[in-house]
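Trainee: First the structure, then my questions, so here it is.
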Amino acid sequence: MKYLLIIQGENCPELLERLLRVCRHRGFRVQNINGETTENEKSLHVTLTVCSDRPVSLLTKQIEKLFGITRVAAIGQEQAVKASA
């Protein structure tokens with residue numbers, strides 16, 4: 001199952017490292033990652049596509065606990081297809 005995660009957090013160098021480490025430890029494979037900073041460069045907006053047979057809640061709950069994360073939203077594969085149609 002593929003999931004699209006939309007993550008917002010503070011713009012610090014170690015945020016992406018923590019994020020990818022949690023994905024690996026929870027058994028999710030990263031298929032696509034895109035990140036950009038806001039104009040004032042204080043916030044980071046990351047769009048992450050992951051896949052796994054595990055429930056995405058196992059990953060999102062851990063990401064929410066990471067220092068510097070302000071928001072996490074997950075969209076399943078079926079929802080992402082409907083949203084883009």
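Trainee: Can you find, within region 1-25, the residue that is modelled with the highest pLDDT among those that are part of a loop (DSSP other than H, G, I, E, B) and more than 16 Å from G76 (Cβ to Cβ)?
Mentor: The residue in question is N11.
Trainee: Enumerate the pairs (first residue in region 33-50 and farther than 30 Å from M1 by Cα; second residue anywhere and hydrophobic (A, V, I, L, M, F, W, C)) with beta-carbon separation below 9 Å, excluding pairs fewer than 6 apart on the same chain, so at least 6 apart or on different chains.
Mentor: Taking only residues 6 or more apart or on different chains, the pairs are T38/L44.
Trainee: Could you list, in sequence order, all residues of region 62-80 that are under 15 Å from V50 (Cβ atoms), exposed (fewer than 12 other Cβ atoms within 10 Å of the Cβ) and at pLDDT below 90?
Mentor: Once the filter is applied, which keeps residues that are under 15 Å from V50 (Cβ atoms), exposed (fewer than 12 other Cβ atoms within 10 Å of the Cβ) and at pLDDT below 90, region 62-80 yields nothing.
Trainee: So, one more: Among the residues of region 5-26, are any at positive phi, open to solvent by 100 Å² or more (accessible area, probe 1.4 Å) and out of contact with any Phe, Trp or Tyr (no Cβ under 8 Å at 6 or more places or on another chain)?
Mentor: no
Trainee: Right, next: Of all residues being at pLDDT below 95 and of a type in the set (D, E, K, R) in region 27-40, which is surrounded by the fewest Cβ atoms within 10 Å (Cβ to Cβ)? Just the residue, please.
Mentor: E39
Trainee: Mind listing whichever residues of region 21-32 are in contact with a strand residue (DSSP E or B) (Cβ under 7 Å, 6 or more places away or on another chain) and free of Cβ contacts under 8 Å to residues at least 12 places away in the same chain?
Mentor: Residues satisfying the conditions do not exist here.
Trainee: Read through the list (1) part of a strand (DSSP E or B); (2) open to solvent by 60 Å² or more (accessible area, probe 1.4 Å), then give the number of the only condition that V46 fails.
Mentor: (2)
The values are calculated or read from the model by the stated rules, or taken from the named source; none is laboratory data. Everything numeric here is computed off the predicted structure, so don't read it as measured data. Cβ coordinates were reconstructed from backbone atoms using ideal geometry, including for glycine residues, and neighbour counts include every protein chain displayed. To get the accessible areas, we keep the full protein, side chains included, count just its heavy atoms, and leave off ligands, DNA and RNA. Shrake-Rupley method; radii C 1.70, N 1.55, O 1.52, S 1.80 Å.
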